[in-house]
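See structure below.
The values are calculated or read from the model by the stated rules, or taken from the named source; none is laboratory data. The shown structure was predicted, so the numbers you read here are calculated from the model rather than taken from an experiment. Please note: Cβ atoms are built from the backbone with ideal geometry, for glycine as well, and neighbour counts cover all protein chains shown.
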Amino acid sequence: MGSPAVTEHDPARVGTVLNRLARDSRRAANITHVESVPARRGQPAAWPEWADPLLVSRLRAAGIEQPWAHQVEAARAAHEGRGVVLATGTASGKSVGYLLPVLTRLLAEPSSRAIYLAPTKALANDQLRSVRSLMLTGVRASTYDGDTPGPEREWVRAHATFVLTNPDMLHRGILPAHRRWAPFLRGLRFVVVDECHGYRGVFGAHVAQILRRLRRVCARYGTRPVFVLASATVADPGLSASRLTGVDVDVVDADASPRGPMDFALYEPPLLGVRAGRPSTPADGTEVGGPDVDGAGVDGAGAPVPHGENDAPVRRAATAESADLLADLVAEGVRTLVFVRSRRAAEVVAAAARRGLGEVAPELVERVAAYRAGYLPEERRSLEGRLRTGELLGVAATSALELGVDISGLDATVIAGFPGTLASLWQQAGRAGRTGQAALAVLVARDDPLDTYLVHHPEAVFGRPVEASVFDPDNPYVLMPHLECAASELPLTEDDLELFGPGARAAVDDLVRHGRLRRRPTGWFWTQRHRPDVDIRGVGGPPVRIVETATGRLLGTVDAATSHSTVHAGAVYLHQGASFIVNELDLDDAVAFVDAATPDWTTVAREHTDIRVVESTRSARFADVEIHLGTVEVTNQVIAFQRRRLTTGEVLGQEPLDLPPRQLRTRAVWYTVTDELLAAAQIEPADVPGAVHAAEHAAIGLLPLFATCDRWDIGGVSTDLHPDTGRTSVFVYDGHAGGAGFAERGFLRVANWLRATRDAVAACECPAGCPSCVQSPKCGNGNEPLEKAAAVRLLDAVLAAVDGDPADPPSPRRE
Ligand SMILES: [Zn+2]
Ligand SMILES: [Zn+2]
């Protein structure tokens, strides 16, 4: 990318602050782009005549003089009994869109009921507060979640008309006990699904099945509730919403709320040089070491130069740059919110910004704070209040709080690392801008290929529709346990199968064969005494508990899937800044015993991964290149671990581990190339393994650009000769049994995906590979071998052979 564009935009706005910041020449060099996002005029509408007059007067008293057009349009659809998804930006008032029809109905018809589903308890609580603040005595609203005490649960079932809960509670608490909920379900008129774009990947597939179970149970009680969904701006919200609910919905996505102009800067922290022989510290752990050590690089000044694996250069930590930006913006009087990825990073960034201010403006130190999950509601509300009044000028918050956080009156947001999806990015950036006033947003790149790509390709941030929410409700590994749940709730009938999708028939037959269901003339029955056990947020097997040997204290849990590589015997485990060494991993009981220790080394697992092609279900063939989508079996075994000195990364030794292999049947996208293509790309046979390995790492890093996944949700295998394909092959697979839809997105967008991968690697100015391009933080091979330049030539050759995505219609002008 060329020189910074700071000089090109209107200096009369909040952008003047940006200009002042950029006057520091080091910082100007780091700003890769500034986008001026124009203001939008609001489009008010009249209150609908059918809306309850008391409700309208209460909303007006709460400061909503007139609704916006999108709120009224969504409300009308729901009021008329049509399912609807309202997909508009942050602070566009989506809640008015569903509260108008829902509360109007509850007020008009005392026997009617409604459910509100939020992805988190905190959001349901916030929603309860705002409904209660309307003081409508005709609406009995209550939350129903894991925190609801027993006696209160009975009251909720019997008396509440508006129940605010989450998919977990619907799955575990309400549906299995539907007989006790019968009066409620008989009156159920509306199901509100808030923040529905958050239901993606395997979790999204689970929620889709839970909603189908809810529809089935409701049908038995004679009701067909109307689904009202609220979403951030996503591509094709109607398709996502109808896959999630299984019913067709209207789409309202024209945001009619006003917005001030915004300057949006893309910011790339500088690459820190490699200085051989000097002691180094590990880089910002948010990027390379897991969430518990992030922020370690915040003290840039005077600290030794960090480096990555195999002496690769690394960039200054996004958290460190963000802390500096926070201090500078606060010093300018700009009310700023920094979004970070972990609780610890929130504390570290706030502390570093306070330290920075202590030197230049000590009177402002007390006006910066951290704001993160885990605070008590009163603490959170006090912080929100102090931010609203301007008493607080700067806050570092975890991105989890982008949901439900009640903060207004901000001037700027700094986003430390791409939050994973454009939907989240705009959600976070949208927090800035007091009504109609100018705002500033800064995306600070982390040291990984996706962030690097984005700050060098503004068109991928600003010129592109937001992603669709990717999930696959037909995943058999998700479908089967929900069919068991459904059968245990009410016997499954022939007619029910259609509701659960095309795979339901085969799945039910399978369950009968395994003795889980029994076929009787009246349907399929659950045969076991206990209820089926499904962990809708988990990923394969019970989580492994981390227990301190000396005290028996439970420190936390890790996913079964990652336990072998993170809590094997001898692993260093970090928890809230304290370190422990694992003395035993007991796989039978799913528990790891740890002892407090402060070793001056860290540990890195070495793994061996094999992939077997079960079948290719779709393919595209070109001269010298084939691309496939299909089912694979991945066998992964953690075989050893290395101890590395914390300060230098020096390998202190390697110890073998005796852990069983783990198998995963899932979906993968893969491409194969011929030896002729490799020769034409001037890749020597000895360099092929490093070229495909580097191309694989970068492809994993960039897939989140096309599928709403995280790089930790997917894995890869590359080889110069694969026994099943007979060719040099690169595989990228879904990390969840049965697949989550990510590999499919990769297949459908393969040309675009590999183009972005190639560009990200080629654009990185490091000499031979670094975390910003081809190194992977989770490589089981210690990031060896990697051939960056050969990877670019390989990808160029593949792209030359592939003409377009399978998802695109064939080009009429194809030569
Ligand atoms: Zn690089
Ligand atoms: Zn690797």
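What helices (runs of 4 or more DSSP H) lie completely within segment 162-277 and have 1 or more residues being of a type in the set (Ser, Thr, Tyr)?
Because the criterion is at least 1 residues that are of a type in the set (Ser, Thr, Tyr), the helices (runs of 4 or more DSSP H) in segment 162-277 that meet it are 237-245.
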Condition check for Pro473: assigned to a loop (DSSP other than H, G, I, E, B), modelled with pLDDT under 95 and either over 30 Å from Arg755 (Cβ atoms) or within 19 Å of the chain's Cα centre (by Cα) (or both): yes
Residue list for segment 586-614, filter: in contact (Cβ under 8 Å) with a residue 60 or more places away in the chain and not basic (Lys, Arg): Leu587, Thr602, Val604, Ala605, Glu607, His608, Thr609, Asp610, Ile611, Val613
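Quick grid of which residues meet (1) surrounded by 19 or more Cβ atoms within 10 Å (Cβ to Cβ); (2) out of contact with any strand residue (DSSP E or B) (no Cβ under 8 Å at 6 or more places or on another chain); (3) aliphatic (A, V, I, L, M); (4) under 30 Å from Cys779 (Cβ atoms):
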residue: Leu517; (1), (2), (3), (4): yes, no, yes, no
residue: Trp524; (1), (2), (3), (4): yes, no, no, no
residue: His530; (1), (2), (3), (4): no, yes, no, no
residue: Arg537; (1), (2), (3), (4): no, yes, no, yes
residue: Ile546; (1), (2), (3), (4): yes, no, yes, yes
residue: Arg553; (1), (2), (3), (4): no, no, no, no
residue: Val558; (1), (2), (3), (4): no, no, yes, yes
residue: His568; (1), (2), (3), (4): yes, no, no, yes
Wholly enclosed strands (runs of 3 or more DSSP E) of segment 597-712 bearing at least 2 residues of a type in the set (Val, Ile, Thr), in contact with a helix residue (DSSP H, G or I) (Cβ under 7 Å, 6 or more places away or on another chain) and away from ligand 1 (no atom under 16 Å from the Cβ): 625-645, 662-673
Failed condition for Ala39, given (1) out of contact with any helix residue (DSSP H, G or I) (no Cβ under 9 Å at 6 or more places or on another chain); (2) of a type in the set (Gly, Ala, Ser); (3) buried (at least 22 other Cβ atoms within 10 Å of the Cβ): (3)
Check on Val6, under 20 Å from Glu459 (Cα atoms), among the β-branched types (Val, Ile, Thr), under 32 Å from the mean Cα position of the chain (by Cα) and at pLDDT below 75: yes
Residues within segment 576-590 that are within 27 Å of the chain's Cα centre (by Cα) and within 13 Å of Arg545 (Cα to Cα), tallied: 1
Among residues of segment 46-90, those that are buried (at least 16 other Cβ atoms within 10 Å of the Cβ), in contact (Cβ under 8 Å) with a residue 60 or more places away in the chain, assigned to a loop (DSSP other than H, G, I, E, B) and hydrophobic (A, V, I, L, M, F, W, C), counted: 0
Selection from segment 754-773 of residues that are within 16 Å of ligand 2 (Cβ to nearest atom) and more than 14 Å from Gly701 (Cβ to Cβ): Ala768
Residue list for segment 736-752, restricted to those being under 17 Å from Gly420 (Cα atoms) and either out of contact with any Leu (no Cβ under 6 Å at 6 or more places or on another chain) or within 16 Å of ligand 1 (Cβ to nearest atom) (or both): Ala740, Gly741, Phe742, Ala743, Arg745
Selection from segment 778-793 of residues that are under 19 Å from Ala756 (Cβ atoms) and away from ligand 1 (no atom under 12 Å from the Cβ): Ala790, Arg793
Residues of segment 753-775 satisfying the condition of being more than 19 Å from Ala468 (Cα to Cα), within 16 Å of ligand 1 (Cβ to nearest atom) and not in a loop (DSSP other than H, G, I, E, B): Thr757, Arg758, Asp759, Ala760, Val761, Ala762, Ala763
Breaking point among (1) more than 16 Å from ligand 2 (Cβ to nearest atom); (2) assigned to a loop (DSSP other than H, G, I, E, B); (3) surrounded by fewer than 21 Cβ atoms within 10 Å (Cβ to Cβ), for Lys778: (1)
Residue selected from segment 233-251 under the condition hydrophobic (A, V, I, L, M, F, W, C) and under 24 Å from the mean Cα position of the chain (by Cα), by the criterion nearest to Val414 (Cα to Cα): Val234
Any hit, segment 719-736, residues being at pLDDT below 95, under 29 Å from the mean Cα position of the chain (by Cα) and within 16 Å of ligand 2 (Cβ to nearest atom): yes
Exclusive hit being free of Cβ contacts under 8 Å to residues at least 60 places away in the same chain and within 16 Å of ligand 2 (Cβ to nearest atom), set Ala699, Ala751: Ala699
Residue in segment 426-449 that is farther than 21 Å from Ala323 by Cα and crowded, with 24+ Cβ neighbours inside 10 Å present: yes
Any hit, segment 663-675, residues being away from ligand 2 (no atom under 16 Å from the Cβ), over 23 Å from Leu454 (Cβ atoms) and acidic (Asp, Glu): yes
Residues of segment 321-351 that turn out to be in a helix (DSSP H, G or I), closer than 19 Å to Leu443 by Cβ and of a type in the set (Gly, Ala, Ser), as a count: 5
Subset tally (residues that are touching a residue at least 24 places away in the same chain (Cβ under 8 Å) and either under 22 Å from the mean Cα position of the chain (by Cα) or within 18 Å of Ala487 (Cα to Cα) (or both)) for segment 145-184: 14
Pair list, Cβ under 9 Å, 6 or more apart: segment 778-807 residue in contact (Cβ under 8 Å) with a residue 24 or more places away in the chain and at positive phi, other residue β-branched (Val, Ile, Thr) and within 16 Å of ligand 1 (Cβ to nearest atom): Asn783/Val774
Some residue of segment 552-575 being under 29 Å from the mean Cα position of the chain (by Cα), of a type in the set (Phe, Trp, Tyr) and modelled with pLDDT under 90: yes
